[in-house]
1. Which one is nearest to HIS274 (Cα to Cα), of the residues in the stretch 145-184 that are hydrophobic (A, V, I, L, M, F, W, C) and crowded, with 21+ Cβ neighbours inside 10 Å?
2. Check whether at least one residue in the stretch 172-186 is free of Cβ contacts under 8 Å to residues at least 40 places away in the same chain and assigned to a strand (DSSP E or B), and report yes or no.
3. Go through the stretch 242-271 residue by residue and tally those that are in a loop (DSSP other than H, G, I, E, B), surrounded by fewer than 20 Cβ atoms within 10 Å (Cβ to Cβ) and over 15 Å from the mean Cα position of the chain (by Cα).
4. How many of the residues making up the stretch 124-144 are among the hydroxyl-bearing types (Ser, Thr, Tyr), within 26 Å of ALA242 (Cβ to Cβ) and surrounded by 13 or more Cβ atoms within 10 Å (Cβ to Cβ)?
5. Would you point out which residue out of GLN158, GLN107, GLN209 is of a type in the set (S, T, N, Q) and in contact with a Lys or Arg (Cβ under 8 Å, 6 or more places away or on another chain)?
6. I'd like the full set of residues that are closer than 14 Å to ILE75 by Cβ and either over 22 Å from the mean Cα position of the chain (by Cα) or not assigned by TED's automatic domain parsing to the domain that holds VAL86 (or both), limited to the stretch 101-147.
7. Exactly one condition in (1) surrounded by 14 or more Cβ atoms within 10 Å (Cβ to Cβ); (2) of a type in the set (Gly, Ala, Ser); (3) farther than 25 Å from HIS271 by Cα is not met by GLY199; state its number.
8. Counting only residues that are in contact (Cβ under 8 Å) with a residue 60 or more places away in the chain and surrounded by 22 or more Cβ atoms within 10 Å (Cβ to Cβ), which one in the stretch 63-87 is farthest from PHE322 (Cα to Cα)?
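The values are calculated or read from the model by the stated rules, or taken from the named source; none is laboratory data. This is a predicted model, so every value here is computed, not measured. FYI the Cβ positions are ideal-geometry reconstructions off the backbone, even for glycines, and counts take in every protein chain you see.
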Amino acid sequence: MLVLLSAPLGAVAQYIGAQLCGSCHADELARQSTSEHARALRPAAEHPLAKLFPMRAPESSYELSRGAAGLEARITTAGVRTIVPVEWAFGAGDQAVTFVSQLDEDQYLEHRFTFYSRSRTLDFTPGHPTRSKTSYPDAAGVVYKTFDPEAKIMRCFQCHSTGRLSLGPRMKLAPAEYGVRCEACHGPGAAHAAAVRAGHLDQARKAIQNPGRLPGKYQIDLCGDCHRHPQQGADAVDWNDAWNTRHQPLYLAQSACFRKSGGGLTCLTCHDPHGPLRRDAAFYNGKCALCHTSNPHPALANAADCVHCHMPQVSPRQHLQFTNHWIGVYRQDSPLKPVAARVPN
């Protein structure tokens with residue numbers, strides 16, 4: 001029996017799943033299914049990169065292997081081997097995949113080693129200490145209480161899945177739908193679908209959220225639910241810490257382009273929520289040119305990449321690279337803050 005977490009009365013049947021959404025919105029579903037968001041969470045054995053995971057970490061005490069029940073972590077400490085089934089793979093694998101397992105009814109484990117796609121290696125999971133570990137479970141990773149007051153592990157599942165989490169046998173967290181799908185952004189779709197079936201199209205439009213019609217501030221807040229809210233404030237951010245560049249809405253909100261756009265520039269200006277991430281410079285140059293129409297930059301005549309100069313790449317640690325979304329003018333040796341940045345040092 002499953003128990004729904006945080007489900008208000010009458011709300012159990014509100015989510016209908018991406019496949020039912022696709023019965024009317026087939027093109028959107030087909031494109032969104034190819035996106036990184038759609039692959040944000042999978043059972044470890046079902047991840048598209050699963051065949052690459054088995055390998056030994058830099059520390060010989062940790063190894064990912066295929067066992068009888070699927071992927072498992074073998075942790076050896078003081079001559080004793082502990083085998084932990086690897087249940088979940090977090091991340092599409094564009095940059096990395098982090099592993100999570102349930103240890104018992106009260107605890108979940110975020111594994112100490114993450115798979116990094118570009119180098120095809122296991123290395124330390126971001127945020128985990130890199131010093132040698134000689135005892136279990138420290139050598140396996142970081143342990144979280146399932147019902148921690150800060151809901152840390154639940155928050156991971158909520159941002160990487162769609163719908164309400166449920167509790168299965170042994171207090172196992174059960175996502176309603178893997179990955180970030182239709183209703184993660186549009187909201188529960190049952191009322192919308194029912195109104196469509198009844199032919200009440202005006203009511204149907206009001207029963208679903210369309211992020212593209214939201215004012216700019218609310219669009220960026222919506223993405224910030226998982227990618228971090230801008231309103232957490234500049235004073236609370238260490239802008240000299242390269243790791244923070246992974247919080248795209250936070251950095252975009254600092255940009256003059258965003259602040260002076262009157263709500264016209266949002267995450268959706270450049271990123272199609274129904275498709276995979278675009279990587280061609282010409283596409284983003286075209287987005288910049290929508291506003292920068294007069295006195296074009298002379299480098300554009302040479303097909304320059306606007307993003308390369310004004311949204312530099314930041315590598316906060318080996319294997320990872322993020323685009324700094326604080327649009328500005330940068331010195332070549334200083335990709336964290338624009339030259340004219342006005343934030344606390």
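1. Top of the filtered list is CYS182.
2. Checked the stretch 172-186: no residue is free of Cβ contacts under 8 Å to residues at least 40 places away in the same chain and assigned to a strand (DSSP E or B).
3. 6
4. Residues flagged as among the hydroxyl-bearing types (Ser, Thr, Tyr), within 26 Å of ALA242 (Cβ to Cβ) and surrounded by 13 or more Cβ atoms within 10 Å (Cβ to Cβ) within the stretch 124-144 amount to 2.
5. GLN107
6. LEU103, SER132, LYS133, THR134, SER135, TYR136, PRO137, ASP138, ALA139, ALA140
7. With (1) surrounded by 14 or more Cβ atoms within 10 Å (Cβ to Cβ); (2) of a type in the set (Gly, Ala, Ser); (3) farther than 25 Å from HIS271 by Cα applied to GLY199, the lone miss is (1).
8. So, considering only residues that are in contact (Cβ under 8 Å) with a residue 60 or more places away in the chain and surrounded by 22 or more Cβ atoms within 10 Å (Cβ to Cβ), the one farthest from PHE322 (Cα to Cα) is ILE75.
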